[in-house]
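Only one structure is covered here, and it is reproduced in the block below.
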Amino acid sequence: MISIQDYQGKRVHMVGIGGSSMSGLAEMLLKEGYAVTGSDNANSHAVERLRGMGIPVSVGHDEKNVQGAGLLIFSAAIAEDNPERTAARRLGIPEMERSTLLGQLMQGHKEAVCVCGTHGKTTTSSMIAETLLDCGLDPTVHIGGRLDALGGGSRIGKKDVFVAEACEFHGSFLEMRPTVAVVLNIEEDHLDWYKNIENIEKAFGEFLSLLPDRGLALGWGEDGRIRRLFAGLKCETRTFGWKDDNDYFPGDLSYSDTGCPRYDVMYRGKKLARIELKIAGTFNVLNSLAAFAAAHALGVDAEKAAASLNRFAGVHRRFELTGIIDGVKMYHDYGHNPVEMAGALSVAKMQHAHHVWAVMQPHTFSRVKSLFQDYLTCTRDADYTLVTDIYAAREKDPGDIKAEMIVQGMREHGIDAVHTPTFDDTEKYLRAHWQPGDLVLTMGCGNINLLNEQMQLHGDTK
């Protein structure tokens, strides 16, 4: 078994270092005294940030990048035939997958809070991390996004608490060693790997089986799959949800004019605190309840936890306002499956815009194929929908699924949808048709956020 500890003082090379998780892990290794280098297939803010920390990053994958490295770290999205992985095997350089590294960094902490679920992981884990910080704890944190309170996506703290996202992609979360598992939801995604929902549920069950007998499982009580898995656990279980048969549930729930939730945190019938969020969205009731429940289980004062959640301003790329152009507010959201996109648009609809524009960048051919019918209706809350070409990410174009097919299906469901293949096409269409007071929401976990930057750079048109 390869141990990261054996490579202190040696060069660790990270393939795909610009990824949301990999960049955070690179920061953690650098702070722990490792010599880190990396490569990525494109320049990005994450790459530039790592370079600013003194980490050499090459753009493009080339076998010469790994020469002299003691260990190669890769993410599940990096294929075996990647030239750097191929060179590492030829040169006898050991390889370690990203999730294995994260699991090893987690070892030795008294508590490991791992947040899993099909969606909501980054927001909820960020809420937990910020709450623990605000309440005087010194957690080590690794999340898949940028949080201003952390100055990034990771931090090194004491060995008391480790807070991390536990992603189910390719079974990555099975490398974790949780003592507190937060399960937000179990739904269909990554079907190129899991094939069906039964296999997804089984994987979540395997993850929960990693909890020690003294551990705690927290989960959404209205999800039947979560309830079923919890019934077979030896450790303590608690639920959060809308109904009062959950351990944690919202009382006196209402929303501000822009959709920000306000509610009493009820724990087994007793009011613990009042939460009034600054971020909008019905789904953030459950996210904040889950975060509160995790902090409460760790012994944090209820009023202080609520006060921290009330100050929480969100994570970058989660319904993030990127600018105002021609009197039009432009937002971006990382949501990349239909449920997440529909959730983000439900928030957009609450903002009292003249018209809401959904700009979707479908992510991976396999996801579009497996969830095709869901894509056709997930933008119903928008007045207009623009669909760019599919972002391939780690995949090759199979030739049998196109963005035009999504657009045609949307139109058949009564959605005003247009195919705008490139960012230039999308910008041109928006500028020709939007009106002051409109709202544009770009959605996807590929590079669609660069459209917002492109349009902001071009500025207002006169």
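The values are calculated or read from the model by the stated rules, or taken from the named source; none is laboratory data. Small disclaimer: the values here were computed from a predicted structure and weren't measured. Ideal geometry is used to build each Cβ from the backbone, glycine not excepted, and the neighbour counts take in all protein chains shown.
Odds and ends about this structure:
- When residues of region 29-46 are limited to those that are modelled with pLDDT under 90 and either part of a helix (DSSP H, G or I) or assigned by TED's automatic domain parsing to the domain that holds Val115 (or both), the one nearest to Leu102 (Cα to Cα): Lys31
- Strands (runs of 3 or more DSSP E) completely within region 81-173 that count 1 or more residues being within 17 Å of Leu216 (Cα to Cα): 111-116, 161-165
- If you go through region 422-447 and keep only what is closer than 22 Å to Ser346 by Cβ and aliphatic (A, V, I, L, M), you end up with Leu430, Leu439, Val440, Leu441, Met443.
- Per the conditions (1) hydrophobic (A, V, I, L, M, F, W, C); (2) surrounded by fewer than 23 Cβ atoms within 10 Å (Cβ to Cβ); (3) assigned to a loop (DSSP other than H, G, I, E, B); (4) in contact with a Pro (Cβ under 7 Å, 6 or more places away or on another chain), the sole criterion not satisfied by Ala393 is (4).
- Enumeration of residues in region 362-385 that are part of a loop (DSSP other than H, G, I, E, B) and more than 18 Å from Asp416 (Cβ to Cβ): Thr364, Leu371
- For region 283-333, a residue qualifies if it is basic (Lys, Arg) and at pLDDT below 90, and the qualifying residues are Arg317, Arg318.
- Unmet requirement for Leu309, which otherwise passes all of (1) over 25 Å from Gly151 (Cα atoms); (2) surrounded by 24 or more Cβ atoms within 10 Å (Cβ to Cβ): (1)
- Only one of Ala217, Ala280 that is more than 29 Å from Ser370 (Cα to Cα), of a type in the set (A, V, I, L, M, F, W, C), modelled with pLDDT under 95 and touching a Ser or Thr at 6+ places or on another chain (Cβ under 6 Å): Ala280
- Residues in region 18-52 that are more than 22 Å from Val163 (Cβ to Cβ), within 20 Å of the chain's Cα centre (by Cα) and surrounded by 23 or more Cβ atoms within 10 Å (Cβ to Cβ): Gly18 alone.
- Residues that are modelled with pLDDT under 95 and surrounded by 20 or more Cβ atoms within 10 Å (Cβ to Cβ), drawn from region 83-100: Arg98, Ser99
- The listed residue being over 16 Å from Cys378 (Cα atoms) and surrounded by 12 or more Cβ atoms within 10 Å (Cβ to Cβ), out of Asp438, Asp424, Asp400: Asp438
- Of note, His336 does not satisfy the criterion of being buried (at least 20 other Cβ atoms within 10 Å of the Cβ), at pLDDT 90 or above, in the same structural domain as Glu427 (by TED's automatic domain parsing) and in contact with a Lys or Arg (Cβ under 8 Å, 6 or more places away or on another chain).
- Condition broken by Gly152, with the remaining ones in (1) modelled with pLDDT of 90 or more; (2) surrounded by fewer than 23 Cβ atoms within 10 Å (Cβ to Cβ) satisfied: (1)
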